[in-house]
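The values are calculated or read from the model by the stated rules, or taken from the named source; none is laboratory data. Given the structure is predicted, the values throughout are model-derived calculations rather than measurements. Heads up, the Cβs are rebuilt from the backbone with ideal geometry, glycines too, and the neighbour counts pull from every protein chain shown. Just so you know, the surface numbers come from the protein's heavy atoms only, side chains and all, with ligands and any DNA or RNA stripped out. Shrake-Rupley method; radii C 1.70, N 1.55, O 1.52, S 1.80 Å.
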Amino acid sequence: MLTRADLAKYPFLNEASDYIKELGISIDDIASPDFSPVLERAEKRLEEALSKGRVSNEFGNENAEILSFPVSNLILSLTGEERAQRRFALAEAKRAYELLRQESPEKLDYIARTTFGWKLNKIDAQPGKRFYDFGISLADYLRNSVHLKEPKWKLPNRILDHGLVYATREELARLLEEEVRTKIVDRSSRLPGEIPKPLQPKVERTRGLITKWLGVPSHYELPRVPSPEAMPPCVKHLIDDLAEGKNVQHMGRFTLASFLVNIGAGEEDIVKAFKPASDFSERMTRYQVEHIAGKRGGRTKYTCPMCTTLKTHGVCYKPDDICSTIRNPLSYYKSKARILTGKGPKREPS
Amino acid sequence: MNQAEQVIRQKFQQYYLDPKRQLDPPLNPSEREYGFLLFNGKFMVRHRSFKDPLSLLTAVRDLVPSHVYFSTAYYREPTAPMEEKGWTGADLVFDIDADHLNTPCKPDHDNWKCKACGTTGNGGAPKLCPKCKNDRLEEQTWLCDRCLQEAKEETAKLLEMLYTDLGIDNEATRLFFSGHRGYHVHVYSKQTSQLGEEERREIADYLLAQGLDPQLHELEETSVGGTKLAEGPLIGQPGWRGRIVAGIYDILGSEMDQIGLTSTQVHALKSWDRENLLRKPFWNSAKGIGISTWKTLVTKAVEKKSAKIDTVVTTDIHRLIRMPGTLNGHTGLLAMKVPEERLDEFDPFTEPLAFHGQMKVKVKVSPGFRLGEERFGPYHDETVQLPSAAAMLLLCKHRAEPIA
C-alpha cells in the first residue's frame, strides 16, 4: 500500500519506524559523514518548526526524509523543552495535513487504520449537497474533534448515523492532523535521559534556537497581583451576579472559585467575592475554597473548567474576541493580562 | 433520627432482610465503588467495594441505607482515596428526571417556601423568592402520572437516538426506573467506556442539540436569478437532518399557535399539506413561507425532538448512581430494571411497589395520587389507614407522620 515516497512524506507512520529498523542503524552511525544529509535535514526541520511553526516539504532524498524525523524528535526531546516539543509536533502535523488532504480515500483509510487504529468505513454518501467519503467511528471522531473549535466540528452539527460520523476526505485529513500531533508529542516524552555523544552539539545548538525563537523559559505566567480588568466576561458576570445577590448555580460558583484560586487570589479575597450571595455561609465557603485550592480532601488543586463545559452548563456569557482564541477562562486571563501590561514572553503558538 | 425516619428504616430493614431478596448489582461489581446514604444524620458511607453480590447484600442488610449507589466508573482500587483509585473506564450514563422537565401539572403537586420570609407558592421553585429576592427556597415535589409520562417520552427519544444515531447496541444498554421521578439509561461498552469528560459532553450536547446550527445542516437561502429559494435537509436523511424534518411534521400537525409565528404564517402553513414534507424537496412549496418561518420551525423542531437529559450526570466520569433493586429513600419505591421493549407499558406506580400490609399515618397535606389500581387523597390534616406502599410514600415525602 505504501511506497518509500509515502514514508518520506509521513515519517511518523509505523511503517517508517519498521523501515528504519530494517536498515539496522544505530545512534553512533549518526556521526559518520554518510549521515550528514540526515543531520542537516533534521536541523532544518527543527529550525523551521521553531522559527515559523511550519516544516517545508523536501522530496529529493527519501532516506534523509525518513531518518531525519526521528533524529529531530530525539534532539528536541534531549533538550527537555516541552513547549518546543509541542511546537514541533504541531508544525510536523500541519505539514502532514497539507499532504494528507491530497491523498486518495484508500490511502487515508489505510493510514487511519494501521497507524492510528481507527475504525472507519468508506461510505460514499451524499445526503444533501456535500459528498462524504467516510464514516468515522464515534469514539475516534470525538477523541480528535474535541480539540477543534470551529462549530462545524461540534457533534450536533455532524451527521451521525449508526455510530458513524460522516466526514469528507479533507475533514478526515484534518482529524488525522490532530492524531499525528498527539502521536509526536507522546513519542517525544519517552526517550533516553543521557545525551548520545554525536548529538551533544546539536542539542546545544537547538537549545539556542529555542531561546531565540520562543524566548527564555520564564516563570511569568500570570500577573502576580490578580488583575480584575483581565478577567473574562463569564467570570466578571459571575462576580456581578453575586454582588447583586442573584442566585448563581453550582457550576458558576465552582468556575469562579477555581478561576480565582488559579490566578493566585488570596483565600480571603475569594471568600469575600461570595459574601454577597444570599445563602452565604463563611464556614462552607472557606471549606470549599480550601478544597478547590487543594488544601483539603484529595489535595488536588482544581483547574478552571473548559469553555466548552461552561457553554454546556450555561455559564459562558457574551464571549468577546479574545474568547474566540482560547479554550479556558484562565488562558483568556493570561492573554488579556499580556495585552494590558504589554509584556511577557512570546506567545506560544496555538 | 426522627420518628418517621425510624419507621421508614424499620420497613426498609424488613424489606432487605427477606431471605428471597436479591440485589441487581452492576457489571464488573468488584471494580466499582459503592456508597450508602444512611438515615442516621444523612451520613454518606463511600469508597466501599464488594467482591460479590452476597457481600454487598450483607452490607445493605447491616447498614439499612436510605439510598444505595455505585460508581459508574471502574477502578483498579475502588476503596482508595479518589485520586489513587486508578480510573480504568466508566459506563456512559443518562439521567432523565421530571425535575428538569417543564410539566404543566407542577403547580398542582409541587410547592415551595422561602426560608427567609416564609412566602409560599405552587409549582416548581423560582430561582429567587419573588417577595424578598432570597434564593434559599425549600421545594416539595411530588410524582404524578403526567410527569412520569413525560419522563418516559424523553427516555424513548433518548433510546431512539442512542440506537439509530450513536449506533449503540441494545444489548449494551440497560434501562432503569429511578424509584422517584425519572429513568436512568446505562451503556456498557468498550467503545464508550474510555470516553473522557469532554467527549461525553459532546454526546450530551448532541442529544440536547445544544449548539446545533441549522446552517451546518444545509438550511439556507440561495438566490437563483433574483428569486430567493430556501433549501434544507430532507426526511429520511440520517441524524439530526431527518429528525429536524420529522419534528416540523409533528409541529405542523398540532401546536402551531404557541410557537411565535404570526397569524398569517400560521394560516399559510395550515392551508399547506404537511404531507409535502415526506415527499421531496418541499422547502419552497408552501406559499408565503420563507426562510425565516422555516428557521423558527426548525428551532422548535429541534427543541421538541431533543432528549432532556441531565448533562451533569452524563459528563461526570466519577459519578455515583442509584443501584437498581434497592429502595429509593425519597419514595419507598423500588429502583428497578425496565426491559426496553416494555418501557411503553411500564407503570411506575404499580411495578416498583415494595411494601405490603396496612399502616396508619397522620397526613399533613398531600395531593391526590394513584398506586396500583387505587386512588388516594388529596389529604389535609387527617389520620388514615392506608396500604403500606401509600403510607410509606407519604412518610418518605415528609407529607405524613407515623402513628405510634
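Tabulated results
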| read-out | value |
| --- | --- |
| Label point distance in nm, B:Arg342-B:Tyr163, each placed 7 Å from Cα along Cα→Cβ | 1.7 nm |
| Distance (nanometres) between label positions extended 7 Å along Cα→Cβ at A:Ser56 and A:Ile27 | 3.1 nm |
| Per-residue SASA entry for A:Cys323, accessible area with 1.4 Å probe, Å² rounded to 10 | 30 Å² |
| Positive-end extreme of charge dipole, chain B - chosen from B:Trp112, B:Gly253, B:Gly372 (charges on Cβ) | B:Trp112 |
| Accessible surface, 1.4 Å probe, highest first, among residues A:Lys119, B:Lys152, A:Lys154 | A:Lys119, A:Lys154, B:Lys152 |
| Computed [θ] at 222 nm, helices only, for chain A once each DSSP H run of length n ≥ 4 contributes -39500 (n - 2.57) | -16500 deg cm²/dmol |
| Semi-axis lengths, Å, segment B:355-404, gyration tensor of Cα atoms, sqrt of 5 times eigenvalues | 14, 13, 9 |
| Cut-off 11 Å between beta-carbons: net charge of the residues surrounding A:Phe259, Lys and Arg +1, Asp and Glu -1 | +2 |
| Other protein chain Cβ atoms within 10 Å, averaged over every residue that makes up B:206-216 | 5 |
| Ranked packing of A:123-134, B:327-338, most packed first, by mean Cβ within 10 Å | B:327-338, A:123-134 |
| Which of A:Gly294, A:Tyr110, A:Pro37, positive extreme of dipole for chain A (C-beta unit charges) | A:Gly294 |
| 10 Å Cβ neighbours from other chains, averaged over peptide B:310-320 | 1 |
| Rg [Å, one decimal], Dmax [Å, integer] - segment A:228-341, C-alpha atoms | 13.5, 38 |
| Rounded to 10°, Cα long-axis angle of helix A:233-243 versus longest principal axis of chain A | 20 degrees |
| Global geometry of segment A:105-182, whether rounded, prolate or oblate, following the gyration tensor of its Cα atoms and the 1.5 cut on a/c | oblate |
| Between 0 and 90°, nearest 10: helix A:105-114 axis offset from chain A longest Cα axis | 80 degrees |
| Protein-only accessible surface order, largest first, of A:Thr182, B:Thr293 at 1.4 Å | A:Thr182, B:Thr293 |
| Estimated D of segment B:214-305 in µm² per second, where Rh is the Kirkwood radius over Cα pairs and Stokes-Einstein applies at 20 °C, 1.002 mPa s | 162 µm²/s |
| Global geometry of segment B:152-244, whether rounded, prolate or oblate, following the gyration tensor of its Cα atoms and the 1.5 cut on a/c | prolate |
| Cα-based shape type of segment A:71-202, given that a ≥ b ≥ c are square roots of the gyration tensor eigenvalues and the cut on a/c is 1.5 | prolate |
| Tail beyond 21 Å, pair distance distribution of segment B:291-377 (Cα, percent) | 59 percent |
| Value at 222 nm in deg cm²/dmol, rounded to 500, when DSSP H runs of n ≥ 4 in chain B each add -39,500 (n - 2.57) | -8500 deg cm²/dmol |
| Average beta carbon contacts from partner chains per residue of A:306-313, 10 Å cutoff | 4 |
| 10 Å-binned pair-distance histogram of segment A:248-314 (Cα, whole percent) | 21, 54, 24, 0 |
| Segment B:243-352 - Kirkwood radius from inverse mean 1/r over Cα pairs (Å) | 17.6 Å |
| Contour minus Cα-Cα distance for A:Ser281 and A:Lys107 (0.36 nm per residue) | 56.5 nm |
| For A:Phe69, net neighbour charge (Lys/Arg +1, Asp/Glu -1) across residues whose Cβ lies under 11 Å away | +3 |
| With Cα atoms, 0 to 90° folded angle of helix A:62-79 axis to chain A main axis | 40 degrees |
| Rg to Rh quotient for chain B, alpha carbon positions, Kirkwood Rh | 1.03 |
| Environment charge of B:Ser263, counting only residues whose C-beta is closer than 13 Å and scoring Lys/Arg +1, Asp/Glu -1 | 0 |
| Equivalent ellipsoid semi-axes, segment B:123-190, via Cα gyration tensor eigenvalues times 5, rooted, Å | 34, 13, 11 |
| Dipole of chain B [Lys/Arg +1, Asp/Glu -1 at C-beta], most positive-end residue of B:Ala390, B:Val45, B:Gly239 | B:Ala390 |
| Full-stretch length increase - B:Glu138, B:Glu171 - with 0.36 nm per residue and alpha-carbon distance subtracted | 7.8 nm |
| Amide proton proximity set for A:Lys295, modelled H, under 5 Å, gap of 5+ | none |
| Sulfur and carbon atoms: percent of accessible area, segment B:68-180 [1.4 Å] | 44 percent |
| Accessible surface of segment A:228-341 [probe 1.4 Å, protein heavy atoms]: carbon and sulfur percent | 54 percent |
| Binned Cα-Cα distances of the protein assembly as shown, short to long, each 10 Å bin given as a whole percent | 2, 11, 18, 22, 21, 14, 8, 3, 1, 0, 0 |
| Cβ-derived FRET efficiency at R0 51 Å, B:Phe43 paired with A:Glu170, nearest 0.05 | 0.35 |
